[in-house]
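Q: Dropping the structure in here first, questions after.
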Amino acid sequence: MGHNYEYMKRPLLSLRNIHKYFGKVHALKGVDLDIYEGEIIGLIGDNGAGKSTLTKIIAGVIRKDSGEIYLNGKPVEIKSVEDARRLGIEVAFQEMTLIDSLDIGLNIFLGREPLNQKIPLFLDYNKMYEETRKILKQLGLRTSDSPKREVRFLSGGEKQGIVVARAMLFQSKLVILDEPTRNLSVAGVRMVLDFIRSLKEKNIACIFISHTLHHVYEVADRIVLLSLGRKILDVPKSQYSVEELEEMIIERTMKHDISA
Ligand SMILES: Nc1ncnc2c1ncn2[C@@H]1O[C@H](COP(=O)(O)OP(=O)(O)OP(=O)(O)O)[C@@H](O)[C@H]1O
Ligand SMILES: [Mg+2]
C-alpha cells in the first residue's frame with residue numbers, strides 16, 4: 001500500500017463507506033478517508049463532486065445515510081455542529097454559517113463567548129471585540145475597523161473572511177476550510193495559506209477545499225480527488241504536478257459529459 005511512517009500511525013479521523021443521498025441524487029457513493037494528525041489534505045474535484053457534502057458530514061451539518069466515522073480509532077456519532085466542535089472539529093464553510101442580525105464580533109465568538117471576570121453572568125464584550133479586531137487585522141480585512149457591524153451589511157467576501165477568522169481563532173484538532181481563499185485579496189490569500197501551514201506546525205489536521213489548484217498544491221501534503229461522489233485519487237502531493245491534477249479533473253468531467 002506504499003505506507004510510509006506517517007501513514008503507519010493511527011488516523012485522527014477515519015471515514016468508512018460513507019453514503020449520502022439527496023432525494024434521488026447519490027452525492028457520496030461509499031467514500032473512505034483517513035486523516036492523520038497534522039496532515040493537510042487538499043480535497044479537490046469538479047462542481048458537484050461531493051466535497052462540501054463530505055465535509056459537512058464530518059462537521060455535523062448534515063447526517064450521512066450510512067457508513068462509519070472513527071475518531072482516534074473509536075466509533076463516533078456526529079449529529080450536530082456542537083458534537084463536531086466538542087470532538088475538536090472546526091469548519092469554515094463555503095456557504096455561510098453566520099447569523100445576519102448579529103455583529104461581526106458576536107458571530108466570531110458565537111457559542112464560545114468569554115465571560116466577564118468582574119460581573120458574574122455577563123459576557124466580556126470588550127474582549128470579544130478586541131480579539132475580533134486583532135484577528136481581522138491580521139487577515140488584512142477592512143472589517144477590522146468595525147467589529148460591531150451587523151453581518152448582513154457585509155459583502156460575500158467579507159463574510160467569508162469572518163468565517164476564516166473564526167477558524168483561526170479557535171484552533172482545533174481538525175480544521176475544515178471550504179473555499180477559504182475565494183473572494184479574498186492577495187494578502188488575504190497569503191494569510192490563509194500561512195494559517196494552514198501554521199496548523200500543521202501545531203499538529204492540527206486540515207482539509208482544504210479549493211478550485212484554485214495552485215493554492216491547494218502549495219500547502220497540501222496529500223491530494224484527494226472526488227468525482228461524482230467517488231474518491232478516485234488519494235496520493236501524496238509529490239506524485240503529480242498541479243497541471244496533471246488539473247488534467248485529471250478535466251478528463252473526468254469530459255468523460256461524464258460524453259457518457260451522460
Ligand atoms: N442540500 C442539498 N439538496 C439537494 N442536493 C444537494 C444538496 N447539497 C448537495 N447536493 C447535491 O449533491 C452533489 C454534491 O454536491 P456538493 O455540494 O457536495 O459538491 P461540491 O464538490 O462541494 O461542489 P462545488 O465545488 O460546486 O462546491 C451535487 O449533485 C449537489 O447538487
Ligand atoms: Mg462545495
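The values are calculated or read from the model by the stated rules, or taken from the named source; none is laboratory data. Keep in mind the model is a prediction, meaning the values are calculated, not measured. Here the Cβ is made from the backbone with ideal geometry for all residues, glycine too, and neighbour counts use every protein chain on show. These accessible areas exclude ligands, DNA and RNA; they are computed on the full protein's heavy atoms, side chains included. Shrake-Rupley method; radii C 1.70, N 1.55, O 1.52, S 1.80 Å.
Q: So if the hydrodynamic radius of region 198-260 is defined as the Kirkwood radius over C-alpha pairs, what does Stokes-Einstein give as its diffusion coefficient at 4 °C and 1.567 mPa s, in µm² per second?
A: Numbers: Rh = 12.9 Å.
This corresponds to a translational diffusion coefficient of 100 µm²/s.
Q: Using the structure shown, list the pairs from 51/74; 173/255; 127/159; 64/159; 79/134 with a Cα-Cα distance above 30 Å, or answer none.
A: With Cα atoms farther than 30 Å apart: 173/255; 79/134.
Q: Moving on to the next point. At a 1.4 Å probe radius, which order do 253, 181 fall into by accessible area, largest first?
A: 253, 181
Q: Placing unit charges on C-beta atoms (Lys and Arg positive, Asp and Glu negative, everything else neutral), compute the dipole magnitude of the chain about its Cα centre in debye, rounded to 20.
A: 620 debye
Q: Cα centroid distance between region 121-177 and region 15-52, in Å?
A: Comparing the Cα centres of region 121-177 and region 15-52, I get a distance of 28 Å.
Q: For region 5-259, would you read off the P(r) tail past 22 Å as a percentage of all alpha carbon pairs?
A: Working: 18111 of 32385 pairs.
Taking all Cα-Cα pairs of region 5-259, the fraction more than 22 Å apart is 56 percent.
Q: Tell me the Kirkwood hydrodynamic radius of region 139-260 in angstroms, computed as one over the mean inverse distance between distinct C-alpha pairs.
A: 16.1 Å
Q: Taking every DSSP beta bridge with both residues inside the chain, roughly what % is antiparallel (nearest 5)?
A: 60 percent
Q: Dipole size in debye (nearest 20) for region 27-96 around its Cα centre, Lys and Arg Cβ +1, Asp and Glu Cβ -1?
A: Working: 9 positive and 12 negative charges, 45 e Å.
Computed charge dipole of region 27-96: roughly 220 debye.
Q: Using just the helices of the chain, give the 222 nm mean residue ellipticity in deg cm²/dmol: DSSP H runs with n ≥ 4 each add -39,500 (n - 2.57), and the total is spread over all residues, rounded to 500.
A: Here the helix-only value at 222 nm equals -10500 deg cm²/dmol.
Q: Hey, got the Cα dimensions of region 85-148 along the principal axes, in Å, largest first?
A: Per principal axis, max minus min of the Cα coordinates gives 37, 32, 23 Å.
Q: If you plug each phi of region 60-72 into the Karplus form 6.51 cos²θ - 1.76 cosθ + 1.60 with θ = phi - 60°, what whole-Hz ³J(HN,Hα) values come out, in order, with x for Gly and Pro?
A: For region 60-72, the Karplus curve yields x, 6, 10, 9, 6, 8, 7, x, 10, 10, 10, 10, 6 Hz.
Q: When only DSSP loop residues count, what trypsin sites (Lys or Arg not before Pro) in region 188-260 have their Cβ near at most 12 other Cβ atoms within 10 Å?
A: Values: sites: 190, 197, 200, 202, 222, 230, 231, 237, 252, 255; in loops: 202.
When the trypsin sites (Lys or Arg not before Pro) of region 188-260 are filtered for loop state and at most 12 Cβ neighbours within 10 Å, 202 remain.
Q: Hey, another quick one. For region 106-154, run through the trypsin sites (Lys or Arg not before Pro) and keep only the ones in DSSP coil with at most 15 other Cβ atoms within 10 Å of their Cβ.
A: Passing sites in region 106-154 are 112, 118, 148, 149.
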